[in-house]
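Below is one structure, written out as structure tokens; the observations come after it.
The values are calculated or read from the model by the stated rules, or taken from the named source; none is laboratory data. All figures in this text were calculated on a predicted structure; none of them were measured in a lab. Ideal geometry is used to build each Cβ from the backbone, glycine not excepted, and the neighbour counts take in all protein chains shown. Calculation scope for accessible area: heavy atoms of the full protein, side chains included, ligands and nucleic acids excluded. Shrake-Rupley method; radii C 1.70, N 1.55, O 1.52, S 1.80 Å.
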Amino acid sequence: MDNKKANFTRRSALQGMGAGVGTLAATGLLPGTMGFAQAQSSAPIKIGFQKHATGIGSAYGRWYDATTQAAAKRINDMGGINGRPVEIVTEDDGTDPKRGAEVLEKFANQHSCDVAFGTLFSHVVIGSAPRAAELKLPYFVVSEGHHVASGMLNRYTLQPGITDVKSQVQSMAPFVANNLGKKVTMIFPDFAFGHDHRDFFTKAIEAQGGQVVAQIAVPPAETSFTKYFPKIPRETEVVYHVMVGPAVLTFVKELGEFFGPSRPEIFGFIDSLEAVDIKSPGLEFLEGTYFWEGNPRHAQADNSTFDTNFRAAVGVDARGASLTDSKDVSTYAHMFGCWETLNVIKAGMEASGYQSPADRPKLIEAVEAMGAMPHSDDHPQGEKLFNGKTHQVFGKQFISKVTDGTLVVEHTASIEDGMYEDEVDYTTQSF
């Protein structure tokens, strides 16, 4: 692996994890040495769930909620955290930055939550994180934005359960350039998440000898998209799309109508079809196109038992739809991050012997000491490496091809493919 790609390698991660565990062992704070047998309180561990119940993130919020409740049930069925039950305290942030900060205040001052958790949309994270630091409330986000690892935020904000856009697009660019084309038009939402795609993919495709020939920004609350498509240059070989919000189905349908039977190659991030059945009428043109997936929505031929168990726990079938309503399609490529992040919180609290908000710094230090996260029921998406300095996790990425109406994984990018040099060291910041 090129040393210029990252200062953080699998070997150093394992060494770091070993050092961190050794430090915790020396202080008698490893899981098993404290926790269930030595719990000092029977009061619930309160985890404030910042839910996008309304606003443009509502489809994600609903499935983030379902996944969070399923993960909390599993944790409680196994005995809770340090002998205490987990209680999820939910507040709607409206997918709005100002309300996001207000929700954190409610978690800290009204509900007496131990940590805050769950936020997806990047502008909400960016608007909320400063308040988390002021409240000294650990803030575990499930967002994908590069704002955590970039150093924009603070030591109280961590993203240990889902990879970020910079890592994702760096992993995807070689496949796009080598298999689909090198002249790319990008269509993306006009806010921080979309800007991450714009900035990082442009650099990543240029590193592969490619070029972004047009960047088309779309307001995230847009409901009609036909006026944007004529801006796609004729020389375009690949249309790269990533869209969010309640009108994603309209976006993809109108994209197909615009091109008709003659189209360039199309590479999308599954965000453009999250919570949408890929067999919906009007989406037939997607046959043979490609998608990034954070977690393959459709169960693969070699599906792991961990993914099978996760599907059963969150109540979805082999196509990622609700077991009780096949038309209710999940946000499967993202919601695993809630499950995995709650398990990281559990592991961090047990490693630090967490008992009360006074132990919040110890909790953050325990999570920072984590390195390798093996593929398991705790981490059903796959193995990961957590970089304690940047508060960002790295994992595998998947490229799926629509084949007979099914998303079939064609390429899996390694953890190393998505790693990059550190841009911050949060561990040097005081609490």
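Of Ser112, Ser143, Ser122, all but one fail to be open to solvent by 30 Å² or more (accessible area, probe 1.4 Å) and of a type in the set (Ser, Thr, Tyr); the exception is Ser112.
Within segment 217-229, being outside any strand (DSSP E or B) and either among the β-branched types (Val, Ile, Thr) or in contact (Cβ under 8 Å) with a residue 12 or more places away in the chain (or both) holds for Pro219, Pro220, Ala221, Glu222, Thr223, Ser224, Phe225, Thr226, Tyr228, Phe229. Note on segment 269-307: residues that are under 21 Å from Val142 (Cβ atoms) and not in a loop (DSSP other than H, G, I, E, B) amount to 10. Of the listed requirements (1) charged (D, E, K, R); (2) in contact (Cβ under 8 Å) with a residue 60 or more places away in the chain; (3) assigned to a helix (DSSP H, G or I), Glu144 misses just one: (3).
Residues are listed down the side, and each one gets a yes or a no for (1) among the aromatic types (Phe, Trp, Tyr); (2) surrounded by 24 or more Cβ atoms within 10 Å (Cβ to Cβ):
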{"position": "Thr289", "(1), (2)": "no, no"}
{"position": "Pro296", "(1), (2)": "no, no"}
{"position": "Phe310", "(1), (2)": "yes, yes"}
{"position": "Thr331", "(1), (2)": "no, yes"}
{"position": "Glu340", "(1), (2)": "no, yes"}
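Look through segment 27-38, keep the residues that are open to solvent by less than 40 Å² (accessible area, probe 1.4 Å) and within 18 Å of Val115 (Cβ to Cβ), and return whichever of them is modelled with the lowest pLDDT. Per the criteria, the residue is Gly35. Checked against (1) in a loop (DSSP other than H, G, I, E, B); (2) surrounded by 15 or more Cβ atoms within 10 Å (Cβ to Cβ), Phe431 passes all but a single condition, namely (2). What residue, among those in segment 188-216 that are outside any helix (DSSP H, G or I) and either touching a residue at least 60 places away in the same chain (Cβ under 8 Å) or at positive phi (or both), is most open to solvent (accessible area, probe 1.4 Å)? Out of the qualifying residues, it is Gly209. Here the condition is being part of a helix (DSSP H, G or I) and farther than 28 Å from Arg84 by Cα; of Ala358, Ala351, Ala333, it holds for Ala333 alone. Assessment of segment 259-277 against the conditions (over 25 Å from Ile162 (Cβ atoms), more than 21 Å from the chain's Cα centre (by Cα) and among the charged types (D, E, K, R)) yields at least one matching residue. Residues that are among the small types (Gly, Ala, Ser) and touching a Pro at 6+ places or on another chain (Cβ under 9 Å) were ranked within segment 382-421; the one that is farthest from Glu340 (Cα to Cα) is Ser400.
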